[in-house]
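Report on one structure; see the data block that follows.
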Amino acid sequence: WRIKLPAILPLLLFGFLIGPGLGLISPDDLFGDLLLPGVSLAVAIILFEGAMTLKLDEISGLETTVRRLVTWGALITWVLVAGITLLVTDLKLELAILFGALVVVTGPTVIVPLLRSVRPVSSVARVLRWEGIVIDPLGALLAVLAYELVVAAGSGTATLAHSGWRFLQAIFLGASVGLVSAWFLAATLKRHLVPEYLRSFLVLSVVVMQFVFANHIKEESGLVAVTVCGMVLTNWRGVRTGDILHFKENLSLILISGLFIMLAARLQWEQLASLGVATLIILLVVQLVARPLSVLVSTAGSDMGWREKALLAWIAPRGIVAAAISALFAERLTRQGVAGAELLVPLTFLVIIGTVSLQSLTARWLAKQLDVAEPAPRGFLIIGANPVARKLGEVLQSNGFTVLLTDSSWEMIRSARMAGLPTFYGNPVSSYADQTLDLVGIGRLLGLSQRREMNALATMRYRLEFGEPNIFSLASPVDSDEKQAVAAEHRGGTLFGAEMTYAKLASLFSKGADVRKTKLTDEYSFDAYVN
């Protein structure tokens, strides 16, 4: 968080250190037969959480680009990576095809942290997030299709048509299970058939159940099931999912951390060293050939400019799904005696490390150079457009800060607009605000409304978005009365001090008080100013 890099890098390094580096742990000995099933379940929960962030209204105008990226774009990447792998390594054709399918996926586990640090314009961010989450289950199924080809080549009993039919069966079954599960959860949650404190645990248990059930019937269809379920549930009208998503985000954070450490700790230095320069060649093809070509084809005819396309072509880090599935299939193929299968995991991990490291270190710089990066979130969302809010908004704006005043009173909004202040007419905690409120460049909140309940609601709504240190609201005259005061955790930081209420500020301004600024220096420090 401090150095603005995805956590996957230190997690992988720590896994290398305690595993092949120092030999402190062996995940296979530690977890035994539970390791790979546990990895599969964790990936399912992570994918479900990612799917719950996919709002259909966010993809308006970008449907064609995303659909092409996860179909034609994925096919281009698959073919190019499989071809170069066959040329520069000793892997057989079937294993090269399997490896190409493994590195098709990007994934929310690395895309979302990267987007937080890069902060690209919304069109690029939405495409990357949708692509990362949708391609995960599809990429996993492509890997299943390739896995079937490897097994078929060894046994001589199956054909490509047969493997393709199994692929379509997995998609249909997974989608069906996901839809039924989403319907069950939506009906249960809308009718309040479970208490509030069990909502998240009910959803978690259904996610696990549908994943296991779908996989039991058709192998690897469970990832499709949880993705479809998450997307349908979060877009189901009338179903409140904010608290569930918050719970899943916290759980996914723990699971992602553990997975990357455990899977990295399973690697062996001998396998990594044996790959040599082949990995670098594959990485260059993935980064400089496959991704740009797939983006060029997928964005043809779209409204995106060349700058957005260039950034989109640069960002495609590989994540936990590629790592987990490579470990799963490599283990199975090694047990079946397939030569070269043990190299799938180190090859996949080196591509993951290479793409994440390169893009983490360069994507923010590239976004700035292309002028497709959002400004740093230094601006202020001001709750209220009353005279006090307008006065403070004018001062902040005159000092170069972005401000946005929100109010449900048209008279107040009109006065703010006449003063040249950006405004949002409506309730800042409404669903309409969730869809239309533009927070680009805004990272702080000031609760200046005359209604203390509105300030409290706004601080609760935007606490996770802006962070607790960036949430402030005015004191209220009743704050000293514990029967009447809003709980401290719902107020945020107290703005200007406990004695400076809205009434006092309004009175001071009406009597001609002004807001002035002064520059702090070594001679005139903040302590000197306070004293």
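The values are calculated or read from the model by the stated rules, or taken from the named source; none is laboratory data. Predicted model, so just to flag it, every value in this text is computed and none were measured. Glycine gets a Cβ as well: all are built from the backbone with ideal geometry, and neighbour counts include every protein chain shown. Note: areas computed on protein heavy atoms with side chains; ligands, DNA, RNA excluded. Shrake-Rupley method; radii C 1.70, N 1.55, O 1.52, S 1.80 Å.
Considering (1) open to solvent by less than 40 Å² (accessible area, probe 1.4 Å); (2) modelled with pLDDT of 90 or more; (3) not charged (D, E, K, R), the lone condition that residue 472 does not fulfil carries the number (1).
Yes/no per residue for (1) more than 24 Å from the chain's Cα centre (by Cα); (2) within 22 Å of residue 78 (Cβ to Cβ); (3) open to solvent by less than 20 Å² (accessible area, probe 1.4 Å):
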residue	(1), (2), (3)
286	no, yes, yes
299	no, yes, yes
306	yes, no, no
310	no, no, no
314	no, yes, no
325	no, yes, yes
346	yes, yes, yes
356	no, yes, yes
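Looking only at segment 476-504, residues that are more than 20 Å from residue 445 (Cα to Cα), open to solvent by 70 Å² or more (accessible area, probe 1.4 Å) and modelled with pLDDT under 70 come to 4 in all. Taken together, the criteria place residue 414 among residues that are farther than 21 Å from residue 504 by Cβ, open to solvent by 10 Å² or more (accessible area, probe 1.4 Å) and not in a loop (DSSP other than H, G, I, E, B). The set of residues in segment 374-407 that are within 32 Å of the chain's Cα centre (by Cα), in a loop (DSSP other than H, G, I, E, B) and not basic (Lys, Arg) comprises 374, 375, 376, 377, 384, 400, 401, 402. The single condition from (1) in a helix (DSSP H, G or I); (2) open to solvent by 30 Å² or more (accessible area, probe 1.4 Å); (3) over 30 Å from residue 374 (Cα atoms) that residue 257 fails is (3).
Between 350, 361, 421, the distinction of being within 30 Å of residue 85 (Cα to Cα), in contact (Cβ under 8 Å) with a residue 12 or more places away in the chain and touching a helix residue (DSSP H, G or I) at 6+ places or on another chain (Cβ under 7 Å) belongs to 350 only. Do we have residue 320 as surrounded by fewer than 24 Cβ atoms within 10 Å (Cβ to Cβ) and among the β-branched types (Val, Ile, Thr) here? No. A single entry from 134, 105 fulfils the requirement of being modelled with pLDDT of 75 or more, open to solvent by less than 10 Å² (accessible area, probe 1.4 Å) and of a type outside the set (Asp, Glu): 105.
Yes or no, residue by residue, for (1) at pLDDT below 90; (2) assigned to a helix (DSSP H, G or I); (3) within 18 Å of residue 144 (Cβ to Cβ); (4) touching a His at 6+ places or on another chain (Cβ under 7 Å):
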site	(1), (2), (3), (4)
64	yes, yes, no, no
71	yes, yes, yes, no
76	no, yes, no, no
87	no, yes, no, no
90	yes, no, no, no
94	yes, yes, yes, no
97	yes, yes, yes, no
115	yes, yes, no, no
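Within segment 410-469, the set of residues being within 20 Å of residue 497 (Cα to Cα) and among the acidic types (Asp, Glu) comprises 453, 468.
For first residues located in segment 11-36 and under 22 Å from residue 352 (Cα atoms) and among the β-branched types (Val, Ile, Thr), partners that are open to solvent by 60 Å² or more (accessible area, probe 1.4 Å) and assigned to a loop (DSSP other than H, G, I, E, B) and lie 6+ apart or on another chain with Cβ distances below 7 Å form the pairs 18/24. Being surrounded by 21 or more Cβ atoms within 10 Å (Cβ to Cβ), among the aliphatic types (A, V, I, L, M) and either at pLDDT 80 or above or more than 15 Å from residue 317 (Cα to Cα) (or both) is a property that holds for residue 81. For segment 195-232, the set of residues classified as under 23 Å from residue 460 (Cβ atoms) and either open to solvent by less than 40 Å² (accessible area, probe 1.4 Å) or not in a helix (DSSP H, G or I) (or both) consists of 195, 199, 200, 203, listed by residue number. Selection of segment 35-61 for residues being open to solvent by less than 10 Å² (accessible area, probe 1.4 Å), modelled with pLDDT of 75 or more and within 15 Å of residue 233 (Cα to Cα) yields 47, 48, 51, 52.
Would it be correct to say that residue 31 is surrounded by fewer than 20 Cβ atoms within 10 Å (Cβ to Cβ) and out of contact with any His (no Cβ under 7 Å at 6 or more places or on another chain)? Yes; evaluated as a whole, the condition is true for this residue. Can you spot a residue in segment 340-352 that is under 29 Å from residue 99 (Cα atoms) and not in a helix (DSSP H, G or I)? Yes, because at least one residue in segment 340-352 is under 29 Å from residue 99 (Cα atoms) and not in a helix (DSSP H, G or I).
Of the residues in segment 360-378, at least one is more than 22 Å from residue 465 (Cα to Cα) and basic (Lys, Arg).
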